[in-house]
Amino acid sequence: DAKTTQPPSMDCAEGRAANLPCNHSTISGNEYVYWYRQIHSQGPQYIIHGLKNNETNEMASLIITEDRKSSTLILPHATLRDTAVYYCIASYGKLTFGQGTILTVHP
Amino acid sequence: DVKVTQSSRYLVKRTGEKVFLECVQDMDHENMFWYRQDPGLGLRLIYFSYDVKMKEKGDIPEGYSVSREKKERFSLILESASTNQTSMYLCASSDPLDRNYGYTFGSGTRLTVV
C-alpha cells in the first residue's frame, strides 16, 4: 500500500461541506483510493473509492487529482452524525489503515 | 445488507488461556480479515484469508493463529493470552470481484486479558 498523509483533525459547521484532504504521492498505477470512516465504538464503514475518475455516491464525493497524488473526500452537507475518524487508503489488495482525520461537526 | 457478526462484544480472559474469537459473514464473501485496534496505533492487520482453508499473515501475526474451515466463518485464536493482547478486535469481509461495497466490518470484540 502507498503511504497516505492526512491532517490529524478538522472541524466543520453543520450543514456546510466538509472537505477532507489526503496525500498519496507514491501511489502506483493499479492502486485504488479508498475512504472509510469510523464512528466511536463501531467498526469502520466503507464510504467510497476511485481509481482515476471522480466518484460520487449517496454518502460523498471523491475528487482525485489528475496526477493521482492526492484526493479530497467531500461530504456535501455535514451533519452531527458525520463526526468520526476518516481514513484514506491507497491500495490494490488488503487495506492498511493509518491514523486518519478526526472530523468534528459542530452545530 | 452484508452482515459480519462477531460472537462477543466484550470478553475478559485470564493470562495463559486459549481464546477463540469468532466471526461469521452472511454474504458468501471470499475474503476475510482480522484487525486489532489500539489507541495511537490505529487498525493493524493480524491475519487474512482469501479462501477456505487458506490463511496469510498480516502485519502483526505473532501470538495469534486463525482457522477458516467454512467460507462464512473466520476464527482468531490466541494460543496463550497475554496482557498485551488486550485490545479491540475487528473482523471484516469483502468480495474481491466487487469493490463497490469495500470491506464490511463487524462491531468488534473488546478483549481484556487479566
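No value in this document is a laboratory result; all are computed from the given coordinates. These numbers were taken from a predicted model, which means no experiment stands behind them. Quick reminder, even Gly has a Cβ in these numbers, built from the backbone with ideal geometry, and neighbours come from all protein chains shown.
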Task: Residues located in the stretch B:24-67, provided they are farther than 21 Å from residue B:8 by Cα, among the β-branched types (Val, Ile, Thr) and within 13 Å of chain A (Cβ to nearest Cβ) - done: B:60
Task: Given (1) farther than 21 Å from residue A:38 by Cα; (2) among the hydrophobic types (A, V, I, L, M, F, W, C); (3) surrounded by fewer than 15 Cβ atoms within 10 Å (Cβ to Cβ), index of the condition residue B:76 fails - done: (3)
Open item on the list: Cβ contacts < 8 Å: first residue more than 8 Å from chain A (Cβ to nearest Cβ), restricted to the stretch B:84-113; second residue β-branched (Val, Ile, Thr) and assigned to a loop (DSSP other than H, G, I, E, B), any location; separation 6+ or different chain. Result?
Closed with: B:93/B:2; B:111/B:86; B:112/B:86; B:113/B:15; B:113/B:86
Task: Unique match (being away from every other protein chain (no Cβ under 14 Å) and touching a residue at least 40 places away in the same chain (Cβ under 8 Å)) among A:96, A:104, A:65 - done: A:104
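I'm trying to understand the selection: among the residues of the stretch B:2-27, which are part of a loop (DSSP other than H, G, I, E, B), farther than 15 Å from residue B:110 by Cβ and free of Cβ contacts under 8 Å to residues at least 60 places away in the same chain?
Within the stretch B:2-27, B:26 is the sole residue that qualifies.
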Open item on the list: Exactly one condition in (1) surrounded by 15 or more Cβ atoms within 10 Å (Cβ to Cβ); (2) assigned to a strand (DSSP E or B); (3) in contact (Cβ under 8 Å) with a residue 12 or more places away in the chain; (4) not hydroxyl-bearing (Ser, Thr, Tyr) is false for residue A:11; which is it?
Closed with: (1)
Open item on the list: Yes or no: the stretch A:22-43 includes at least one residue that is touching a residue at least 40 places away in the same chain (Cβ under 8 Å), more than 29 Å from residue B:49 (Cβ to Cβ) and more than 12 Å from chain B (Cβ to nearest Cβ).
Closed with: yes
